[in-house]
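Asks: Quick one: structure below, then a few questions.
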Amino acid sequence: MTRFQRRTLLRGCGVALALPFFESTASASKTIARRRRIVAIDIGLGLHAPNIIPQQAGRDYELPTYLKLLAEFRDQFTVISGASHPEVGGGHASYKSYLTCAPHPNSAGFRNTISLDQLAAAEFGSETRFASLSLSSSGPGLSWSRSGVEIPTLTRPSVVFRKLFLAGKADEQALQMQRLQDGQSVLDVVMDQTRRLQRSLTSRDREKLDQYFEAVREAERRLAKAEAWQQKPKSTVDVDPPRDEPDSKRIVQCMRLMYDVMHLAIQTDSTRFLTYNIAGMNAVPVIPGVDADYHNLSHHGKDPDKIAQLTLIESALIEEFRGFLAKLQASSEAEGSLLDSTMVLFGSNLGNASSHDTKNMPMLLAGGGFRHGQHLAFDRNNNYPLPNLFVSMLQRLGMETDRFGTGHGTMTGLDPIG
């Protein structure tokens, strides 16, 4: 190479290994557009509000219990209170609307809409090997397609690592390529057959058919992208594959492993959009001082003993989140740290898990190039529309939009840098 690219590469035997960012190579990368990313994390059993929401608004607030654990990042996150998704109730079912804002997720006829990450992935996902990753501690996740279909989740860090970095055997790669090509040929046949129907359809039916065509074209685009990436070597990392924690009750260890592979996914630019649903459990987690069922503790009914144990669990969750932020902060790229370019949304679909209340969702946005270091305190009785935050995030990615779901315009008080 006669001049350095944005990330210096060592090449050999068909493998490309990205080196860390070197200051001496920065001059050649000044014209490179910043890569922006979104990570969205949901704590499905809520977060005890007095421990995470400051009593004071603005910038000079006193850190409550959980934010003390994040004190080193105080100037790199914004706390948001008094906000929620309009018309989203349903208790635990509200996780379905955490990133979509779709009303009434517990209704019989509920049909979801596209999630924040999937809208971003549809716009920018072709720039990376994986348009997005939907992760979960167990069960369903937070990502939904444009047609309201849930995106399947990955729950084992070892599987995520293998998907990201391990190429597989030659025969497995050939089989995967053949499957991709077979998929494209099937779509060709389907499109040819449906075009013949157009002459005999009513205008309403033709409108439905146009929607179907668009869905097929989207599938074709995904297949074409997948085929192109299949012919390129995966990123390599100088770490051993993770060994999954076999005991799901050891939630701290399970989260740490998942956060580690999430960091690697971002560091290698394998994807820029990740969601992680931490669903909780109907069991006693392995955390010192905790001897009661996590789900039961979330329904504490203001019992001081239950709140004390719940605080131990949620403090452990916050500590692992802090570790993830620290990894992003410590990882450099030409434009700054990974945290500078990654919007990390952390919160819960429940404002008060004890009563299944979905108002006053506790939310924190870290990194991503905003003027942080503040508590945006909105009206707790007449909540501010949280979807406006998603509009701010999409605009920060570079999308020209002023709407998402039920949101109109950007979030008041959340200003981008530059």
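Coordinate-derived values only; no laboratory data. For clarity, every value in this text was computed on a predicted model and none was experimentally measured. Every residue, glycine among them, receives a Cβ derived from its backbone with ideal geometry; neighbour counts consider all protein chains shown.
Asks: Grab the other residues whose beta carbon is less than 11 angstrom from that of residue 51, score K and R as +1, D and E as -1, and report the net. Write out the running numbers ahead of the final one.
Replies: On the way: positive: 68; negative: 314.
Net charge around residue 51: 0.
Asks: Report the extension gain between residue 395 and residue 380 in nm, rounded to one decimal, defined as 0.36 nm multiplied by the number of residues separating them, less their alpha carbon distance.
Replies: On the way: separation 15, 0.36 × 15 = 5.40 nm, distance 2.63 nm.
Roughly 2.8 nm would be gained on extension.
Asks: I want to check the label-to-label distance for residue 403 and residue 322. Put each point 7 Å from Cα in the C-beta direction and report it in nm to one decimal.
Replies: Each label point is offset 7 Å from its Cα along the Cβ direction, giving 4.3 nm.
Asks: If neighbour count is taken as other Cβ atoms inside 10 Å, put 79, 286 in order from fewest to most.
Replies: Placing the least packed residue first, the sequence is 286, 79.
Asks: Would you work out the charge dipole size for segment 61-147 about its Cα centre, treating the Cβ of every Lys and Arg as +1 and the Cβ of every Asp and Glu as -1, and quote it to the nearest 20 debye?
Replies: Numbers: 6 positive and 7 negative charges, 61 e Å.
About 300 debye.
Asks: What spacing in nm lies between the two simple spin-label points modelled at residue 308 and residue 75, each 7 Å away from Cα in the Cβ direction?
Replies: According to this spin-label approximation, the distance is 3.8 nm.
Asks: Cα-Cα over 23 Å: which of 96/234; 163/327; 96/359; 249/306?
Replies: On the way: 96/234 32 Å; 163/327 21 Å; 96/359 15 Å; 249/306 18 Å.
Listed pairs above 23 Å: 96/234.
Asks: First select every other residue whose beta carbon is under 10 angstrom from the beta carbon of residue 143; then total the charges, Lys and Arg +1, Asp and Glu -1. Before the final figure, lay out each step's value.
Replies: Details: positive: none; negative: 117, 150.
Residues near residue 143 contribute -2 overall.
Asks: Hey, another quick one. Would you tally the net charge around residue 316, using a Cβ to Cβ cut-off of less than 12 Å, leaving residue 316 out, and scoring K and R as +1, D and E as -1?
Replies: Values: positive: 250, 256, 322; negative: 314, 319, 320.
Spelling it out: positives minus negatives among the neighbours equals 0.
Asks: Could you line up 36, 162 from fewest to most neighbouring Cβ atoms inside 10 Å? Don't jump to the answer; show the numbers that get you there.
Replies: Working: 36 19, 162 16.
Exposure proxy ranking, most exposed first: 162, 36.
Asks: Using 1/(1 + (r/R0)^6) with R0 = 41 angstrom and r between the beta carbons of residue 68 and residue 239, what's the FRET efficiency to the nearest 0.05?
Replies: Taking R0 as 41 Å, the efficiency between residue 68 and residue 239 is 0.85.
Asks: On a full-extension model of 0.36 nm per residue, what is the gain between residue 162 and residue 248, subtracting their alpha-carbon distance, rounded to one decimal in nm? Before the final figure, lay out the partial values.
Replies: On the way: separation 86, 0.36 × 86 = 30.96 nm, distance 2.02 nm.
Contour length minus Cα-Cα distance gives 28.9 nm.
Asks: Taking 0.36 nm per intervening residue step and subtracting the Cα-Cα distance, what contour gain separates residue 34 from residue 355 on full extension? If you can, show how the numbers build up before the last one.
Replies: Values: separation 321, 0.36 × 321 = 115.56 nm, distance 4.26 nm.
Once the chain is fully extended between residue 34 and residue 355, it gains 111.3 nm.
Asks: Rank the residues 307, 43 as a footprinting-exposure proxy: fewest other Cβ atoms within 10 Å of their Cβ go first. Mind showing how you got there, number by number?
Replies: Numbers: 307 18, 43 25.
Ranked by crowding around the Cβ, least crowded first: 307, 43.
Asks: Would you mind classifying segment 272-418 by shape? Square roots of the alpha carbon gyration tensor eigenvalues, ordered a ≥ b ≥ c; an a/c under 1.5 is rounded, otherwise it is prolate if a/b is larger than b/c and oblate if not. Intermediate results must be reported in sequence, preceding the final value.
Replies: Details: a/c = 2.51, a/b = 1.46, b/c = 1.72.
Oblate, since a/c reaches 1.5 and b/c is not below a/b.
Asks: So, R0 is 22 Å and r is the distance between the beta-carbons of residue 56 and residue 296; what FRET efficiency does that work out to, to 0.05?
Replies: Details: r = 32 Å, r/R0 = 1.47.
The formula returns an efficiency of 0.10 here.
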